[in-house]
Every structure is written in C-alpha cells, then in structure tokens.
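Colleague: Structure below; questions to follow.
The values are calculated or read from the model by the stated rules, or taken from the named source; none is laboratory data. On a predicted model such as this, the values are computed, not experimentally measured, just so you know. Methodologically, a virtual Cβ is constructed for each residue, glycine included, from the backbone with ideal geometry; neighbour enumeration extends over all protein chains shown.
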Amino acid sequence: MGCGMERHIEALLLSARWLLVPLYMALLVSVLAIYALVGRELVHVATDILTIREGELVLSVLSVLDLVLVANLLVMVAVSSYESFVQRFKTDEADGPEWLGRMDAGNVKLKVSLAIVLISAINLLRGFMLDMPAERLPLMAGVHIVFLLSTLTIVVVGRVEKK
C-alpha cells in the first residue's frame, strides 16, 4: 500500500514542474513590451534624425542596447529554465542556440549576473552622459561595483565547485 502511495506522490511532485511553464511564458510575453519600447526609441530617433545631437543618438542607442540585453536575458532564462526544470528539448543541435543543453542553474546565474553588470554599466554611462547630479553618480558607481563583485563571487564559487 505504501509503495503505491509513494508512486502517486512522486508522480504528483514530478508533474508539478509543469506549473512553471506559465511563468516562463510570462517572461517571453515581457519581450513584447521590450519591442514596444525599442520601437518608441527608434521612432524618436527617426523623427529627429536631422536635428538630433550626437550625444542624444548615443543615449538612444544605449537605451536600445540595454533593452536588447534584457530581452536576451529573458529568453535565455525562459528557455534554459524550461529545459532544466521541465523537459529537455527534442531538437537537432543545428536548430537551437549553441548553449542549449549546456545551461545549468549555475550557468544561468552567471549569465544573469553578467547581464546585470552590463546593464548597470550602460546605465552608469547614460547617467554620466546626461550630466546626472554629482551626488547620484557615486551611488550608481557603488551599485555597479556591488554587481561586479557579486558576479566575480559567483565565478569564483563556480570554479571552486567544479574542482
């Protein structure tokens, strides 16, 4: 009797992984919002292309770059999490990205951390270019350094775990 009950509990727990799929889909739907923001930025540049100053163009490009990094991050987390926690993809290697099948939770954490550092660096550069108030830049730089140190810590811990 106990063995049958254990199998039912195990089957229930294993099937619970499918509850994660709507969360991954929400990440992918969020990419659509990023499309809207990128489109708005491109319309802004296109309408002002003859009068836009170089600094404004660079800031617009940095904004688009920032959004693209976030979109990449969302897709990577959704795809790799699905594969890690729900079900492996049944694709030919040529069909998917090169990292598919090799992303474990540790790799995803590292990629997320690196993306956060890049996004933080872009925001810090934008703040500098926008002549942000002098008291705000050191705070932003401090936050960026914390992100950088956190990422370095993740790298060191990952290497120690592999040894």
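Colleague: Looking only at the range 95-110, decide whether some residue is farther than 26 Å from LYS162 by Cβ, at pLDDT 85 or above and charged (D, E, K, R).
Modeller: No, because not a single residue in the range 95-110 is farther than 26 Å from LYS162 by Cβ, at pLDDT 85 or above and charged (D, E, K, R).
Colleague: Sort through THR51, THR91 and tell me the only one that's modelled with pLDDT of 90 or more, loosely packed, with under 15 Cβ neighbours inside 10 Å and assigned to a loop (DSSP other than H, G, I, E, B).
Modeller: THR51
Colleague: For the condition touching a helix residue (DSSP H, G or I) at 6+ places or on another chain (Cβ under 6 Å) and at pLDDT below 90, what is the one hit in VAL86, VAL45, VAL64, VAL31?
Modeller: Among VAL86, VAL45, VAL64, VAL31, only VAL86 is touching a helix residue (DSSP H, G or I) at 6+ places or on another chain (Cβ under 6 Å) and at pLDDT below 90.
Colleague: Being modelled with pLDDT of 85 or more, part of a helix (DSSP H, G or I) and among the β-branched types (Val, Ile, Thr): is that true of VAL143 here?
Modeller: In short, yes.
Colleague: Let me ask something else about it. If you go through the range 110-128, how many residues are surrounded by fewer than 17 Cβ atoms within 10 Å (Cβ to Cβ) and of a type in the set (D, E, K, R)?
Modeller: Residues that pass the stated criteria total 1.
Let's see how each residue does on (1) within 20 Å of VAL29 (Cα to Cα); (2) among the hydrophobic types (A, V, I, L, M, F, W, C):
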residue	(1), (2)
LEU69	yes, yes
SER80	yes, no
GLU83	yes, no
VAL112	yes, yes
ASP131	no, no
ARG136	no, no
PHE147	no, yes
ILE154	no, yes
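Quick grid of which residues meet (1) closer than 30 Å to LEU130 by Cα; (2) surrounded by fewer than 16 Cβ atoms within 10 Å (Cβ to Cβ):
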| residue | (1), (2) |
| --- | --- |
| MET5 | no, yes |
| ILE9 | no, yes |
| LEU20 | no, yes |
| LEU42 | yes, yes |
| GLY55 | yes, yes |
| LEU59 | yes, no |
| ASP66 | yes, no |
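Colleague: Being modelled with pLDDT of 85 or more and not aromatic (Phe, Trp, Tyr) is the requirement here; does GLU56 meet it?
Modeller: The answer is yes for GLU56.
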